Amino acid sequence: MIKSKTFLFFFLACLFTLTSKADLIAQESTRSHVVTEYDGKQYYIHAVTKKQSLKDIADIYGVSVYEIMKENKDVKKNPKAGTYLRIPYKAVEEELVLEDTIANDSIVEDTMSYVHEYVSSTCDAERLYKVALMMPLYLEQVDDEFMETEVSSKQLLSKPFSYLHFYEGFMVAVDSMVNSLDMKLDLKVYDVDQDTNKVKTALNDAWLVDADIIIGPFHVKTFERVLNFAKENDILIVNPMTNRDDMVVGNRNLVKVKPSYRYQMHWLDSLIKDKYVDNNIFIIAEDTSKMDYAFMIEEIANKNINQYSLVPNQHIKKVIKKHHDAWMIEEIEFDENTYQSDNITLDVSVINRNPDDSTMLKNQVMIFDYSIDSLNKVKKIASSIRNNVFIVYGDNRVFATDILNQINIISNEFPSELVALPDWSKFDRLFNENLMKLNTIYFDDDYTDYNTYSVGKFICKFRDTYATEPKDIAYHGFNIAWYFLNALMNYGDDINIGVTLYDIPLLNTRYRFERQNAEDGVENTYWNLYQYQDYEKKLLRYE
């Protein structure tokens with residue numbers, strides 16, 4: 001049984017559906033009627049038109065979005081106009097059979113169905129689990145006028161839509177747990193935002209005292225009030241949004257899903273150990289307030305890098321020749337017998353006479369406070385022979401843009417790579433050409449790979465249910481519901497202990513919960529690392 005106070009949100013979801021049907025008749029004319037054969041199978045070849053989604057195309061041909069994605073491995077959220085897609089061909093007789101059977105098969109096919117081994121065989125199959133979801137719905141703003149107004153871009157930015165995708169992603173997981181894993185669930189949704197009166201009303205609900213778990217609220221002020229209630233009644237409470245690490249102290253019932261920035265240092269340690277032990281490392285802090293992190297990074301770098309690196313003379317010889325040839329073309333005067341790099345002068349004749357030998361170069365670590373230091377010092381010790389690694393720590397978009405341009409200029413003379421901290425993924429207008437040129441590595445608390453089966457299945461289910469594309473927060477909502485509902489079935493009343501042991505596949509991240517002290521809550525320590533390579537973001541895996 002699923003209870004919810006948010007009936008109006010089903011009407012909000014319908015608004016998306018209504019707007020998507022208006023174009024369907026016009027799109028029907030784009031259907032291909034030519035059947036071709038590929039790899040032993042028959043297909044229509046469909047040319048995508050402007051603003052046409054996979055859901056639109058699936059409706060035209062009477063197939064599912066999943067079938068299209070299965071046959072077109074590289075297709076992602078919205079294919080570009082002019083893209084050609086293979087659409088599975090079905091004869092008329094087959095389509096009639098499908099119409100008769102789809103009602104029985106839809107639950108199995110459309111439900112997010114992960115491996116059942118993650119649900120313990122000893123779990124209480126008859127138990128009714130009580131789950132409270134507290135999130136900002138702003139239902140008081142959803143009046144008759146709001147419902148009757150045609151959906152516009154401006155309206156989609158209004159408060160009632162701000163967390164809608166979290167709720168919808170959450171409900172996709174709920175549907176899977178109830179229909180696929182036979183979970184008996186009593187879910188109650190409360191409209192709680194920053195308004196203290198709303199949280200007071202929620203906490204006066206007698207039903208809440210016996211809840212197994214509370215997820216939310218999203219805002220710190222109201223969350224703290226619910227946290228006290230959870231402590232008094234020994235209820236596990238999940239904070240889905242904050243990065244603050246002080247909240248877990250002394251709150252054993254708290255689970256913090258968003259990882260704190262300080263845990264990035266653990267993953268940075270693995271990264272340097274794996275990729276950068278033979279490089280110069282330049283650490284750049286945005287300003288004095290970020291220097292504590294810069295010093296931590298310096299300690300990690302000094303611990304992991306080799307004092308010296310041996311570079312093959314064959315490689316050095318090629319680099320010197322390349323630069324000398326370029327300088328000759330540009331008519332730049334230079335000494336053919338010497339070459340400057342890594343703060344030393346190399347004898348070119350020695351390099352040429354010993355092509356099978358290696359040259360020892362010193363690896364150095366330097367810190368810069370960007371608010372007061374000049375990066376000109378970098379050029380004195382940087383290497384033109386091997387990569388120089390810039391580890392930048394800052395959370396301001398203007399700083400990120402400026403430092404990215406500065407390092408890009410330096411990279412014209414000195415090969416460079418960039419590691420960006422703490423969370424540059426939120427800067428959506430950085431110059432991608434520079435990011436790719438520098439093989440930039442990002443840290444992010446999630447990373448969505450649209451080529452994986454689970455993500456494709458989720459997108460198909462979300463599109464079919466809500467007739468729109470899932471935003472990032474939809475994946476977050478699904479992950480939280482999927483993880484904690486599964487954990488409830490596995491551990492029951494011992495879920496507070498179980499979350500520190502439980503690890504199951506999620507859509508676009510992992511949860512690695514740790515408890516630092518016995519009286520503290522647990523927090524996620526997992527950060528995704530990905531790198532820009534060949535015009536794509538590629539996940540770097542460190543366990």
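The values are calculated or read from the model by the stated rules, or taken from the named source; none is laboratory data. Everything numeric here is computed off the predicted structure, so don't read it as measured data. Neighbour counts are summed over all protein chains in view; Cβ atoms, including those assigned to glycine, are modelled from backbone coordinates with ideal geometry. The protein model used for the area step is the full one, side chains on, heavy atoms only, and it has no ligands, DNA or RNA in it. Shrake-Rupley method; radii C 1.70, N 1.55, O 1.52, S 1.80 Å.
Laid out as a table, the results:
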quantity: Residue selected from the stretch 248-278 under the condition under 23 Å from Glu543 (Cβ atoms) and of a type in the set (S, T, N, Q), by the criterion surrounded by the most Cβ atoms within 10 Å (Cβ to Cβ); calculated: Gln264
quantity: The stretch 229-253 residues that are under 11 Å from Gly521 (Cα atoms), paired with ones that are open to solvent by 20 Å² or more (accessible area, probe 1.4 Å) and part of a helix (DSSP H, G or I) (beta carbon under 6 Å, 6 or more apart); calculated: Leu236/Asn496; Asn253/Lys231
quantity: Of all residues making up the stretch 322-357, the number that are among the hydrophobic types (A, V, I, L, M, F, W, C) and more than 23 Å from Ile381 (Cβ to Cβ); calculated: 2
quantity: Subset of the stretch 504-529 that is among the β-branched types (Val, Ile, Thr) and under 18 Å from Glu543 (Cα atoms) - its residue that is surrounded by the most Cβ atoms within 10 Å (Cβ to Cβ); calculated: Thr509
quantity: Residue among Tyr167, Tyr190 that is outside any helix (DSSP H, G or I), open to solvent by less than 50 Å² (accessible area, probe 1.4 Å) and of a type in the set (Ser, Thr, Tyr); calculated: Tyr190
quantity: Of residues in the stretch 531-543 being of a type in the set (Phe, Trp, Tyr) and surrounded by fewer than 19 Cβ atoms within 10 Å (Cβ to Cβ), the one farthest from the chain's Cα centre (by Cα); calculated: Tyr535
quantity: Identity of the residue in the stretch 358-394, in a loop (DSSP other than H, G, I, E, B) and either of a type in the set (Ser, Thr, Tyr) or out of contact with any strand residue (DSSP E or B) (no Cβ under 9 Å at 6 or more places or on another chain) (or both), that ends up modelled with the lowest pLDDT; calculated: Ser374
quantity: Residue check for Asn408: closer than 27 Å to Ala326 by Cβ and in a loop (DSSP other than H, G, I, E, B); calculated: no
quantity: Some residue of the stretch 36-48 being at pLDDT 65 or above and among the small types (Gly, Ala, Ser); calculated: yes
quantity: Among the candidates Val255, Val319, residue that is under 30 Å from Asp445 (Cβ atoms) and among the β-branched types (Val, Ile, Thr); calculated: Val255
quantity: 3 or more residues more than 17 Å from the chain's Cα centre (by Cα) and crowded, with 19+ Cβ neighbours inside 10 Å: qualifying helices (runs of 4 or more DSSP H) within the stretch 425-495; calculated: 453-466, 472-491
quantity: Check on Tyr308, surrounded by 18 or more Cβ atoms within 10 Å (Cβ to Cβ) and of a type in the set (Phe, Trp, Tyr); calculated: no
quantity: Within the stretch 496-543, considering residues that are among the aromatic types (Phe, Trp, Tyr) and either at pLDDT 90 or above or not in a loop (DSSP other than H, G, I, E, B) (or both), the one farthest from Val238 (Cα to Cα); calculated: Tyr532
quantity: Among the residues listed as Glu336, Glu331, the single one being of a type in the set (Asp, Glu), at positive phi and either open to solvent by 80 Å² or more (accessible area, probe 1.4 Å) or part of a helix (DSSP H, G or I) (or both); calculated: Glu331
